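One structure is given below, encoded as structure tokens.
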Amino acid sequence: AFFVRVGDAEACKRPNLAALHVGGSRFILLILANQVKCFVAEQMRGHGIVFVREFSFHPRRKWRADFRVVTEQSRLLIEVEGAVSKNGRHTRGKGFEDDCEKYAAATLEGYVVLRVTPRQIQNYKAITWITQLVWKNEGER
């Protein structure tokens, strides 16, 4: 299993199992989804990005985004998708439709939603995209 150093123990209590393919092979690696979220949180902290976990973005629905990046200019929400390579909830029927409704509602509220997978967090693609979006919105390079 893939384990990371947990920096925010309070936010990393509830384990959920997720799965991903490693290097395009059929080998499935089990990951604790909250540890993956803690890993991207540590990556953001390392880049000086301020964020809120489990951010409630809708005035009437109980929807939450995994992260909201907090800057003066940014309206960026980050969603970590679990079990994408294992025909999980996010890739099947009702779960997929429910996610589409949630992301559409976030967009209508003025947010940009960045969806990332555990593998994209592990291989540092996600943090690259996050920093590019934050710098773009802050006018920095």
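Looking at the structure I just gave you, is Q122 polar (S, T, N, Q), in contact with a Phe, Trp or Tyr (Cβ under 9 Å, 6 or more places away or on another chain) and at pLDDT below 95?
For Q122, the condition - polar (S, T, N, Q), in contact with a Phe, Trp or Tyr (Cβ under 9 Å, 6 or more places away or on another chain) and at pLDDT below 95 - is met.
Are any of the residues in the range 15-29 within 20 Å of Q120 (Cβ to Cβ), in a loop (DSSP other than H, G, I, E, B), touching a helix residue (DSSP H, G or I) at 6+ places or on another chain (Cβ under 9 Å) and at pLDDT 60 or above?
Checked against the condition, which is being within 20 Å of Q120 (Cβ to Cβ), in a loop (DSSP other than H, G, I, E, B), touching a helix residue (DSSP H, G or I) at 6+ places or on another chain (Cβ under 9 Å) and at pLDDT 60 or above, the range 15-29 yields no hits at all.
Need the failing condition index for F57 against (1) without any contact (Cβ under 8 Å) to a residue 40 or more places away in the chain; (2) over 14 Å from the mean Cα position of the chain (by Cα), just the number.
(1)
With the structure loaded, tell me whether V40 is modelled with pLDDT of 90 or more, of a type in the set (A, V, I, L, M, F, W, C) and assigned to a helix (DSSP H, G or I) or whether it fails that test.
So V40 passes the test.
Modelled with pLDDT of 90 or more and open to solvent by less than 60 Å² (accessible area, probe 1.4 Å): is that true of R64 in this structure?
no
The values are calculated or read from the model by the stated rules, or taken from the named source; none is laboratory data. Note that the coordinates shown come from a computational prediction; the quantities given were computed from them, not determined experimentally. With ideal geometry, Cβ positions are generated from the backbone for all residues, glycine too; neighbour counts draw on all protein chains shown. Heavy atoms of the whole protein, side chains included, go into the accessibility calculation; ligands, DNA and RNA do not. Shrake-Rupley method; radii C 1.70, N 1.55, O 1.52, S 1.80 Å.
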